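See structure below.
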Amino acid sequence: RIIRGDLPSAKVFETDRILAFMDAYPQVKGHTLVVHKASRARNLLDAEPEVLDELILAVQRISRAVKSALKPDGIVVTQFNGEPAGQTIYHLHFHILPRYAGQAVGRHAAGGLCDMGELNRTAKLIASAL
């Protein structure tokens with residue numbers, strides 16, 4: 001629904017085929033999602049090779065921007081395949097989580113919906129590093 005514009009989002013990057021935006025229920029500040037807008041794959045196991053080519057290059061580019069903008073000690077890139085693995089949204093997407101030494105990662109949605117103004121500020125900061 002975010003891809004269609006039915007739900008608001010704090011966009012970091014967008015092309016005709018790729019969308020990167022802030023997770024509205026972040027586990028850490030800067031938690032970014034990257035999706036391929038044309039793919040119908042439910043997860044990595046269903047994805048077309050040409051989709052993966054475009055998508056992983058976008059994930060790398062956005063991860064570099066997160067690193068540059070937010071200065072984390074490390075970055076986690078993750079992707080879930082099936083409900084037992086933690087997948088809750090059945091559209092292929094990657095999570096980018098900046099990690100700081102000594103800072104715990106929260107459970108997804110445990111902190112509730114993030115302030116949209118804060119998400120937009122963080123999205124602009126990351127976008128400026130692209």
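Before moving on, here are some points about what is shown:
- The separation of region 61-86 from region 15-41, counted between C-alpha centres, amounts to 11 Å.
- Residue-averaged [θ]222 nm for the chain, counting only DSSP H segments that reach four residues, each worth -39500 (n - 2.57): -9000 deg cm²/dmol
- The length gained on full extension between ALA104 and ARG42, counted as 0.36 nm times the residue separation minus their Cα-Cα distance, comes to 19.4 nm.
- Cross-link partners of LYS37 among lysines (Cα-Cα below 26 Å; sequence separation of 8 or more within a chain): LYS11, LYS29, LYS67, LYS124
- Accessible area per residue, Å², the chain with all protein chains present, probe 1.4 Å: 57 Å²
- Rounded to the nearest Hz, the phi-derived 3J(HN,Hα) couplings of region 91-97 under the Karplus curve 6.51 cos²θ - 1.76 cosθ + 1.60 (θ = phi - 60°) are 9, 3, 7, 10, 9, 10, 10, where x marks glycine and proline.
- Backbone N atoms of region 44-77 closer than 12 Å to the 7 Å Cα→Cβ label point of LEU125 belong to residues 66-72.
The values are calculated or read from the model by the stated rules, or taken from the named source; none is laboratory data. In this text, all values refer to a predicted model and were calculated from it rather than measured experimentally. Here Cβ is always computed from backbone atoms with ideal geometry, including for glycine, and neighbour counts include all displayed protein chains. Ligands, DNA and RNA are excluded from the accessible area calculation, which covers all protein heavy atoms including side chains. Shrake-Rupley method; radii C 1.70, N 1.55, O 1.52, S 1.80 Å.
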